[in-house]
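The values are calculated or read from the model by the stated rules, or taken from the named source; none is laboratory data. This one's a predicted model, so the numbers in the text were calculated from it and none came from an experiment. Neighbour counts run over all protein chains shown; Cβ positions are idealised from the backbone, glycine included.
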Ligand SMILES: *[C@@H]1O[C@H](CO)[C@@H](O)[C@H](O)[C@H]1NC(C)=O
């Protein structure tokens, strides 16, 4: 019986980046820097929006919620990945792996729905400006956020339920730096095409469908802005272009990683870096450095602190 019961795989080996020691040290430094900068930037956005009454509007609250989720998105994978870069043996327990996949999909799914809510918010602001404050009242905002998190959790639970009891056949190497469904499924003993299909539908088609819907909505909003104003629309245009940039950055890698069933190409793991490190870092940069109100609010918030008078 020894060695026969292969389903007792309890550890998974993450192959990570198969590179030289020097390259790993460089990547360690670069990724750590982006990670810390992303966390600080997003934290700054949350603190500024919550503490500045000028920013107490649905748009900025949603922005702060996006920053809050971004901190989670990167913290679920990056610290482990970064510390693995310096280790010879990169392993994760089976439970750890499933937990990681669960939280990746909760935060990713929630962020996806939140981007839809943010587009809806801009749609109301641009196409029904007179009713904006009645439609996007605080109660509706909270309700939308509850729905957002519920969908994110359901999306993740459904997928994890399919893979939590898989049998493994001793093969336990994942060619990535964190656990995710497409590669995890490949470790199972059974024929996995149904599971592949489930992931493609649940993560791939949903990202693709959402992305197309969002792009069409933003195109309609841009047309509306162009038609209804001459010159005074630059603020709306800059907000919309910031939103569109974030949507493309977030959905691009997702669609690539999840939409091709049965196929996991090496480039996947580099694209994933985009979603867990680069996007969470860029979101606050895109929204704050291009947004006058946000910059002014940060100046106000931090000029109240005596030691930071010279920062801005
Ligand atoms: C998220 O949005 C809600 C309601 O719009 C707001 O009350 C809350 O402070 C926001 N959360 C964060 C972390 O910014």
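Summary table
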{"read-out": "Residue 166 being in contact with a strand residue (DSSP E or B) (Cβ under 9 Å, 6 or more places away or on another chain) and over 24 Å from residue 277 (Cβ atoms)", "value": "yes"}
{"read-out": "Some residue of the range 81-89 being part of a helix (DSSP H, G or I) and farther than 16 Å from residue 179 by Cβ", "value": "yes"}
{"read-out": "Flag if residue 95 is surrounded by 16 or more Cβ atoms within 10 Å (Cβ to Cβ) and either in a helix (DSSP H, G or I) or within 16 Å of the ligand (Cβ to nearest atom) (or both)", "value": "no"}
{"read-out": "Of all residues in the range 115-139 being closer than 25 Å to residue 225 by Cα and within 12 Å of the ligand (Cβ to nearest atom), the one that is surrounded by the fewest Cβ atoms within 10 Å (Cβ to Cβ)", "value": "137"}
{"read-out": "Filter result (at pLDDT below 85 and either outside any helix (DSSP H, G or I) or touching a helix residue (DSSP H, G or I) at 6+ places or on another chain (Cβ under 8 Å) (or both)) within the range 207-234", "value": "229, 230, 231, 232, 233"}
{"read-out": "Tally, over the range 140-177, of residues that are in contact with a helix residue (DSSP H, G or I) (Cβ under 7 Å, 6 or more places away or on another chain), surrounded by fewer than 17 Cβ atoms within 10 Å (Cβ to Cβ) and modelled with pLDDT under 90", "value": "6"}
{"read-out": "Test: residue in the range 188-211 that is surrounded by fewer than 20 Cβ atoms within 10 Å (Cβ to Cβ), under 19 Å from residue 93 (Cα atoms) and more than 16 Å from the ligand (Cβ to nearest atom)", "value": "yes"}
{"read-out": "Residue check, residue 66 in contact (Cβ under 8 Å) with a residue 60 or more places away in the chain, within 11 Å of the ligand (Cβ to nearest atom) and under 11 Å from the mean Cα position of the chain (by Cα)", "value": "yes"}
{"read-out": "Test: residue in the range 39-60 that is more than 16 Å from the ligand (Cβ to nearest atom) and buried (at least 17 other Cβ atoms within 10 Å of the Cβ)", "value": "no"}
